[in-house]
Amino acid sequence: MEITIKERDNKGFSMAREDDKRAGMMTYSIAGDDHIIIDHTEVDPAFKGRGVGKQLLYKIVDMAREKNIKITPICPFANAMFKKLEDIQDVLKK
């Protein structure tokens, strides 16, 4: 599975692809130089149960760490993952 991040203007997303099929996408809004807001996650039904959403989130978390950015997760999936996973709490905007 290949996961990439793209940004344009004040929006960005991480996308998962496998064999030229889009497995899932997590979108975010850029709220400032050091803050993004994850607002939506979608996973293709064919890829459910394979941890695609979690992989998308970890890709954004890695990018946030590299750029010293904090994340506000308003997407229900991302918000639940931040509450559940202690290893990503460092990028959570308090």
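The values are calculated or read from the model by the stated rules, or taken from the named source; none is laboratory data. Note that the structure is predicted; figures quoted are calculated from it, not measured. Note that each Cβ is placed from the backbone with ideal geometry, even for glycine, and that neighbours are counted across all protein chains shown. Quick note on the areas: whole protein, heavy atoms, side chains included, nothing else; ligands and nucleic acids left out. Shrake-Rupley method; radii C 1.70, N 1.55, O 1.52, S 1.80 Å.
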All-but-one check, Gly53 against (1) under 12 Å from the mean Cα position of the chain (by Cα); (2) farther than 22 Å from Gln89 by Cα; (3) not basic (Lys, Arg), failing number (2)
Restricting attention to the range 6-41, the residues that are in a strand (DSSP E or B), over 9 Å from the mean Cα position of the chain (by Cα) and not charged (D, E, K, R) number exactly 11
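Within the range 80-94, which residues are more than 18 Å from Gly12 (Cβ to Cβ) and either open to solvent by 80 Å² or more (accessible area, probe 1.4 Å) or not in a loop (DSSP other than H, G, I, E, B) (or both)? Talk me through it step by step, then tell me what you get.
The first filter runs over the range 80-94 and keeps only residues more than 18 Å from Gly12 (Cβ to Cβ), leaving 80, 83-87, 89-90, 94.
Listed by number, the residues that qualify are Ala80, Lys83, Lys84, Glu86, Asp87, Gln89, Asp90, Lys94.
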- prompt: Out of all the residues in the range 50-60, is one or more assigned to a loop (DSSP other than H, G, I, E, B), at pLDDT below 95 and open to solvent by 80 Å² or more (accessible area, probe 1.4 Å)?
  reply: no
Every listed condition ((1) in contact with a helix residue (DSSP H, G or I) (Cβ under 8 Å, 6 or more places away or on another chain); (2) open to solvent by less than 80 Å² (accessible area, probe 1.4 Å)) holds for Met1 save (2)
When the range 61-77 is checked residue by residue, the ones that are assigned to a strand (DSSP E or B) and open to solvent by 50 Å² or more (accessible area, probe 1.4 Å) are Lys70
